[in-house]
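K.L.:
My questions all concern the structure below.
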Amino acid sequence: MKKILLTALAVAAAAGMTLSDAQARSLDEIKASGKLLVGSTGDYKPMSYLNKETGKYEGFDAEMAASLAKHMGLELVYVPTTWKTLQSDTMADKFDVAMCGITVTDARKAVMNMSDGYLTFGKTILVTKGKEGQFKSLDDVNQPAVRVMYNPGGTNEKFAKESTPKAQLIMHEQNAEIPGLVGEGKADVMITETMEARRYAKDNPKVAAPLVDKPFTENHFGVLMSKESPALLDAVNAWMAAIKADGTLDKWENQYIK
């Protein structure tokens, strides 16, 4: 299914509304439009990553987005968002669902809907190659001499500030650039999740993930959406149950994660 990257204005037009009157579309309205609007940051390998050379989204959540759209008989239309604006964009109804490796949290569920969880993962670290022996626990990261880099607006920032307050905390806007910066020695540690750590440690010989098999937390990803359309949540959960039962999720996990 062709994936189309649109501006916010073009997305609103595609959905048959203006930016000033944007509101959560009901399940019937989504189906009538023929389009499923999916928000994505496009910066999180291996979950959802915008390939700038092809203009297409790739990864586990990209597979999920295509699957959900096909299940609903709709065209998949991507809407760009950022981790910093993810909550406000969701609550402003700029898209129907967001799918890009979004952690299920009580804080998010208090103001938005999140689907049943998929994939078990946890917070971990990505470090400059050669420094693996320096980090055997979270206490080793939470030291004044350690430079910890994170992206703003998501759970990585929250975890870094709460769990490593003694470290030198460095915020970097572009999540996809942080592994490379750590590899270059611009920071010692990246706060990330096991999925991302495994991928970058495999692809980049300049970084390592020494604690990837001993994550600091246990979490799940979920599909994020407005609270205004409970029927959409039910439909997403029904589709989720189906792809769990038929082995599709396991296939994608083997392809993108393991």
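The values are calculated or read from the model by the stated rules, or taken from the named source; none is laboratory data. Keep in mind that this is a model prediction, so the values were computed, not measured. For neighbour counting, all protein chains shown are included, and Cβ atoms are generated from backbone atoms with ideal geometry for every residue, glycine included.
K.L.:
Exactly one condition in (1) among the aliphatic types (A, V, I, L, M); (2) farther than 22 Å from Gly42 by Cβ; (3) surrounded by 19 or more Cβ atoms within 10 Å (Cβ to Cβ); (4) assigned by TED's automatic domain parsing to the domain that holds Glu29 is false for Ala238; which is it?
P.N.:
(3)
K.L.:
For Met149, only one of the following conditions fails: (1) buried (at least 20 other Cβ atoms within 10 Å of the Cβ); (2) out of contact with any strand residue (DSSP E or B) (no Cβ under 8 Å at 6 or more places or on another chain); (3) of a type outside the set (Asp, Glu). What is its number?
P.N.:
Every listed condition holds for Met149 apart from (2).
K.L.:
Only strands (runs of 3 or more DSSP E) wholly contained in segment 139-249 count here; list those with 2 or more residues that are more than 30 Å from Ile30 (Cα to Cα). Let's see the steps before the verdict.
P.N.:
Numbers: elements: 147-150, 168-171, 189-193, 219-221.
Output list reads 147-150, 168-171, 189-193.
K.L.:
Go through segment 80-132 and give me each residue that's assigned to a strand (DSSP E or B) and more than 16 Å from the chain's Cα centre (by Cα). Lay out the reasoning, then the answer.
P.N.:
Initial filter on segment 80-132 (assigned to a strand (DSSP E or B)): 80, 97-98, 103, 113-114, 118-121, 123-128.
Ile125, Leu126, Val127, Thr128, listed by residue number.
K.L.:
For Lys129, which of the numbered conditions (1) touching a Cys at 6+ places or on another chain (Cβ under 8 Å); (2) in the same structural domain as Ala145 (by TED's automatic domain parsing) fails to hold?
P.N.:
(1)
K.L.:
On to the next question. Between a residue in segment 162-179 that is surrounded by 21 or more Cβ atoms within 10 Å (Cβ to Cβ) and any residue that is in a helix (DSSP H, G or I) and at pLDDT below 95, which pairs come within a Cβ distance under 7 Å, given they are 6 or more apart or on different chains?
P.N.:
Pro179/Tyr200
K.L.:
Scanning segment 151-194 for residues that are hydroxyl-bearing (Ser, Thr, Tyr) and in contact with a helix residue (DSSP H, G or I) (Cβ under 7 Å, 6 or more places away or on another chain), which turns out modelled with the lowest pLDDT? Write out each step before concluding.
P.N.:
Initial filter on segment 151-194 (hydroxyl-bearing (Ser, Thr, Tyr)): 155, 163-164, 192, 194.
Next cut, in contact with a helix residue (DSSP H, G or I) (Cβ under 7 Å, 6 or more places away or on another chain) only: 163-164, 192.
On the way: Ser163: 98, Thr164: 98, Thr192: 94.
It comes out as Thr192.
K.L.:
Might you check whether a residue that is at pLDDT below 95, surrounded by 22 or more Cβ atoms within 10 Å (Cβ to Cβ) and either farther than 20 Å from Ser163 by Cβ or aromatic (Phe, Trp, Tyr) (or both) occurs anywhere in segment 200-208?
P.N.:
yes
K.L.:
On the basis of being in the same structural domain as Val189 (by TED's automatic domain parsing), among the aromatic types (Phe, Trp, Tyr) and modelled with pLDDT of 95 or more, does Phe135 make the cut?
P.N.:
So Phe135 passes the test.
K.L.:
Do you know which residues across segment 52-79 are within 15 Å of the chain's Cα centre (by Cα) and surrounded by fewer than 20 Cβ atoms within 10 Å (Cβ to Cβ)? Write out each step before concluding.
P.N.:
So the first thing to find is which residues in segment 52-79 are within 15 Å of the chain's Cα centre (by Cα), and the list is 57-65, 78-79.
Glu58, the sole residue that qualifies.
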